[in-house]
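*Asks:* The following block contains the structure, expressed as structure tokens.
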Amino acid sequence: MATIPSSTAGSATPAAPEARIGSMLQRQGALIALVVLTCIGALRYNGFISTYNIVELLRYNAMFGLIALGMTFVIMTGGIDLSVGAVAALASVIAALLSPYGATVAVGAAVGTGLLIGLFNGWVITRFNIAPFITTLAMLLGARGAALLLAKNAAVSVDTAGGYVEIGLNGVLGIPFPVIMLLVAYVLGSIVLNYTRFGRHVLAIGGNEDAARLMGLPVDRIKLGVYALSGGLAALAGAILAALTYTGIPTEGLGWELTAIAAVVVGGTLLTGGIGSVGTTFVGVLLLGLIINMLSFENLSAYWQSVIRGVFLLLVVVLQNQLSGKRKAAA
Amino acid sequence: MAKLDRVAGLPQRRFALPERFRAVGQTYGALAVLLLLVLYNLVFTPSFRTLAALNLNLTQVATTVIVATGMTLVIATGGIDLSVGSLMAIAGALAPMLFSRNLPLFNIPVLGTVLAWLVPIGVAGLFGLFNGMLVTTFRIQPIIATLILYVGGRGIAQVATSGNIQNFKNPAFQVIGLARPLGIPVQVILMLVIVAIAAWVMRATIFGRYVLAIGGNEPAARLAGVPVARIKRMVYVISGLLAGLAGLIVIAINSSSDANRVGLGMELDAIAAVAVGGTPLTGGRATIGGTLIGALIIQLIRSTLLSKGVPFAVAQIVIAGIILLAVYVQRQRKV
């Protein structure tokens with residue numbers, strides 16, 4: 001029953017109108033909040049709906065968005081990936097070290113490393129049957145250690161002559177490359193989840209892994225795939241970090257894994273797996289980013305950010321929980 | 001959490017003797033590793049044989065063990081507490097604000113010091129209660145419920161201190177981190193007392209039985225009349241109280257409180273210690289002694305490697321491997 005994807009979960013049974021409203025609120029609550037906040041921002045602040053502000057918001061959140069996308073797939077299989085922040089840091093160091101050889105080599109090596117780390121996570125989880133939480137926790141330590149080792153415990157400067165920093169500066173039609181990568185990744189992710197066998201299998205495994213296995217789905221291979229995807233996207237985020245800051249920073253990315261999980265949860269993907277959507281994670285990322293963006297307009301101290309994010313997370317989680325509880329009762 | 005693990009298929013054929021050997025290995029494996037590490041260091045690391053080195057290692061590990069003890073109880077119920085690092089920061093930020101502003105009550109010599117310990121610990125306990133309420137009353141998954149304070153808790157400490165480092169000198173208060181009765185650091189004594197009490201509670205009290213019953217099978221425990229919600233709230237409160245104590249120890253040692261740094265990453269250190277110690281993350285089993293051993297193993301490996309000139313980064317990678325290995329060896333230890 002939990003394997004029913006979110007798009008059909010609400011309409012599975014003809015429910016009472018209020019239950020249907022509740023179900024819609026649960027699924028689209030984040031979107032509604034995003035629209036409301038955007039309207040408030042547009043009315044309250046000058047320059048809020050400017051191209052500059054929108055592009056900056058997206059550019060700043062491209063890294064979190066990419067990580068949250070990979071995390072969405074992992075969480076939909078019922079797993080979790082705590083290593084993403086450390087992988088991003090490692091990738092930023094690799095990209096910075098290889099930046100003299102051109103952007104393609106640097107980004108390719110960084111993302112390749114991320115894919116390999118993700119594959120390793122998936123291999124340990126499936127082959128040795130160790131809980132994803134522990135496996136990726138160990139990888140968090142390991143990747144952070146590798147990053148410090150490669151960077152010799154200091155930030156690594158990006159070679160500005162090699163053309164690598166162009167990734168952060170340039171773009172197409174005024175849209176910076178990180179934002180293009182973000183949008184393309186989400187469009188592809190949405191297609192993969194909704195229209196490919198892989199995507200259906202991901203949801204099936206999260207819904208009921210044993211049933212998926214008995215049905216003959218290649219559970220282990222799918223899991224390898226989602227962890228590799230998460231590692232690769234985290235590494236891409238790290239490559240972007242290096243391009244935006246001109247440095248590979250082995251100590252960056254602390255706590256990014258939990259921020260990404262928060263964005264996924266705010267978007268409405270259930271941590272138990274089996275239900276989720278790529279689009280709502282995008283909304284979750286934008287929502288958390290927008291809160292920070294609005295705080296900068298309010299001139300509030302940066303420390304309020306995390307308090308308000310926490311309060312926001314609390315509201316969303318409690319609300320979702322109440323609504324989904326009602327939905328379950330009505331079904 | 002239970003569904004993260006593959007459900008065992010058909011019962012495997014079991015051979016008594018190897019099975020028993022493996023059970024022994026699983027039960028005493030961590031302890032054996034710890035003894036080997038100590039022996040190795042006694043033989044090959046001359047500086048290890050001094051009392052100062054022993055004290056240093058134990059001092060460094062004390063706060064992790066204190067937090068990990070609370071974490072063990074939470075994990076035994078099938079939950080997890082990601083907020084401990086932030087609660088350490090909150091307690092650490094609050095204490096200097098209380099004793100360095102000449103507030104009434106807090107300026108009375110002994111009473112003021114005791115209050116400067118108890119109030120921040122109590123506040124951290126209240127935040128633990130908040131976690132417990134979210135988990136029980138609102139039925140939010142523990143990882144999400146405690147993620148809220150992980151995100152917001154440090155922010156509360158930062159806003160309260162405007163992100164400034166609070167330096168202080170208050171010998172009476174700093175007893176909690178700097179005193180050396182009989183040459184033993186006071187936080188090591190606190191650590192041992194807390195571990196002993198927790199081990200006794202888990203072994204010999206109804207509360208301990210209830211904790212394990214909830215982690216083993218919550219619906220069954222509920223049907224058997226276990227006050228599930230109350231017990232769960234209590235373990236989160238205990239975790240919060242212990243995190244608060246750890247926060248005070250950290251700031252007492254440093255003579256300063258930096259809300260940006262106190263307890264950073266502690267949740268993962270504590271969970272790693274619990275996992276290496278042999279408590280499964282699925283709940284239903286707990287070994288407080290194992291958690292102490294797990295934390296000591298991680299600490300000794302780190303300090304051994306560092307003393308041999310191995311870079312910190314490599315030590316981290318080795319520890320990552322040890323965590324995986326320990327959990328793999330002990331993974332069959334389920335009810």
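Every number here is computed from the coordinates shown, using simple stated rules; none is lab data. All values derive from a computational prediction rather than experimental measurement. Don't worry about glycine lacking a Cβ; one is built from the backbone with ideal geometry, like all the others, and counts go over all protein chains shown.
*Asks:* With +1 assigned to the C-beta of every Lys and Arg and -1 to the C-beta of every Asp and Glu, and no other charges, what is the dipole magnitude of chain A about the Cα centre in debye, to the nearest 20?
*Replies:* The dipole magnitude comes to about 680 debye.
*Asks:* Of A:W256, A:W304, B:W117, B:W200, how do they rank once you tally other Cβ atoms within 10 Å and put the fewest first?
*Replies:* Least crowded to most crowded, the residues run B:W200, A:W304, B:W117, A:W256.
*Asks:* Per residue of the range A:300-307, what does 6.51 cos²θ - 1.76 cosθ + 1.60 with θ = phi - 60° give for ³J(HN,Hα)? Whole Hz please, x for Gly and Pro, Karplus curve as stated.
*Replies:* 7, 4, 4, 5, 5, 3, 5, 4
*Asks:* Between A:T247 and residues 5 or more places away or on another chain, which pairs have amide H atoms under 5 Å apart, with H built 1.01 Å from N, and which residues are they?
*Replies:* When sequence neighbours closer than 5 places are left aside, the close amide H contacts are A:V158.
*Asks:* Next question, about the same structure. Roughly how compact is the protein assembly as shown, stated as its Cα Rg over 2.2 N^0.38 Å to two decimals? Could the numbers behind the result be given before it?
*Replies:* On the way: Rg = 24.9 Å, N = 666, 2.2 N^0.38 = 26.0 Å.
In units of the globular-protein estimate, the protein assembly as shown measures up at 0.96.
*Asks:* Please enumerate, by chain and number, the aspartates and glutamates with C-alpha under 13 Å from the C-alpha of B:K232, excluding those fewer than 8 residues away in the same chain.
*Replies:* Qualifying aspartates and glutamates at Cα under 13 Å: B:D81, B:E218.
*Asks:* Order these by the 10 Å Cβ neighbour count, fewest first: B:I66, A:I40, B:I75.
*Replies:* Exposure proxy ranking, most exposed first: A:I40, B:I66, B:I75.
*Asks:* What residue among B:G153, A:G273, A:T104 has its Cα farthest toward the positive end of the dipole of the protein assembly as shown, where the charges are +1 on Lys, Arg and -1 on Asp, Glu, each on the Cβ?
*Replies:* A:G273
*Asks:* When the Kirkwood radius is taken over all Cα pairs of chain A, what Stokes-Einstein diffusion coefficient follows at 25 °C and 0.890 mPa s, in µm²/s?
*Replies:* My calculation gives 121 µm²/s for D.
*Asks:* Work out the charge dipole of the range A:28-325 with +1 on the Cβ of Lys and Arg and -1 on the Cβ of Asp and Glu about the Cα centre, then indicate which of A:F64, A:G142, A:F48 is farthest towards its positive end.
*Replies:* Towards the positive end, the residue furthest out is A:G142.
*Asks:* Pick from B:S256, B:S86, B:S162: which residue has the top mean-square fluctuation in a GNM of chain B where Cα pairs under 10 Å get a spring?
*Replies:* Checking each option, the largest mean-square fluctuation is seen for B:S162.
*Asks:* Mind checking the mean number of beta-carbon atoms from other chains within 10 Å of the Cβ atoms in B:271-279? Present the calculation step by step, with values, prior to reporting the outcome.
*Replies:* Numbers: counts 4, 5, 0, 0, 6, 1, 0, 0, 0.
Mean partner shielding for this stretch: 2.
*Asks:* Taking the Cα centre of the protein assembly as shown as origin and charging only Cβ (+1 Lys, Arg; -1 Asp, Glu), how large is the dipole, in debye to the nearest 20?
*Replies:* Values: 41 positive and 18 negative charges, 351 e Å.
Here the protein assembly as shown has a charge dipole of around 1680 debye.
*Asks:* A further question follows. What size of dipole, in debye to the nearest 20, comes out for chain B about its Cα centre when the only charges are +1 on Lys and Arg C-beta atoms and -1 on Asp and Glu C-beta atoms?
*Replies:* 800 debye
*Asks:* Pairs of Cα atoms under 8 Å, at least six residues apart: use those to get the relative contact order of chain A, whole percent.
*Replies:* Answer for chain A is 35 percent.
*Asks:* Rounded to whole Hz and in sequence order, give me ³J(HN,Hα) for the range A:230-238 from the Karplus expression 6.51 cos²θ - 1.76 cosθ + 1.60, θ = phi - 60°, writing x for Gly and Pro.
*Replies:* 4, x, x, 5, 4, 5, 4, 4, x
*Asks:* Still on this structure, I have one more. Within the range B:238-253, which residues have the backbone N less than 16 Å from the label spot 7 Å out from B:R180 along Cα→beta-carbon, could you tell me?
*Replies:* It comes to B:253, nothing else.
*Asks:* Putting +1 on Lys and Arg Cβ atoms and -1 on Asp and Glu Cβ atoms, find which of A:I32, A:A243, A:L214 reaches farthest to the positive end of the dipole of the range A:28-325.
*Replies:* With unit charges placed on the Cβ atoms, the residue in question is A:L214.
*Asks:* OK, next. What number, in nm² with one decimal, is the all-direction average of the projected area of the convex hull of the alpha-carbon atoms of the range B:61-329?
*Replies:* It is 15.2 nm².
*Asks:* What number, rounded to the nearest 500 deg cm²/dmol, is the helix-based mean residue ellipticity at 222 nm of the protein assembly as shown, given -39500 (n - 2.57) per DSSP H run of at least four residues and division by all its residues?
*Replies:* Result for the protein assembly as shown, helices only: -24500 deg cm²/dmol.
*Asks:* Counting other beta carbons within 10 Å of each Cβ, put A:K152, B:K232 in order, fewest first.
*Replies:* Listed from fewest to most nearby Cβ atoms, that is A:K152, B:K232.
*Asks:* Among the aspartates and glutamates, which fall within straight-line cross-link reach of A:K223, defined as a Cα-Cα distance under 19 Å, with same-chain neighbours fewer than 8 residues apart omitted?
*Replies:* Straight-distance partners of A:K223: A:D81, A:E209, A:D210, A:E257, B:D5.
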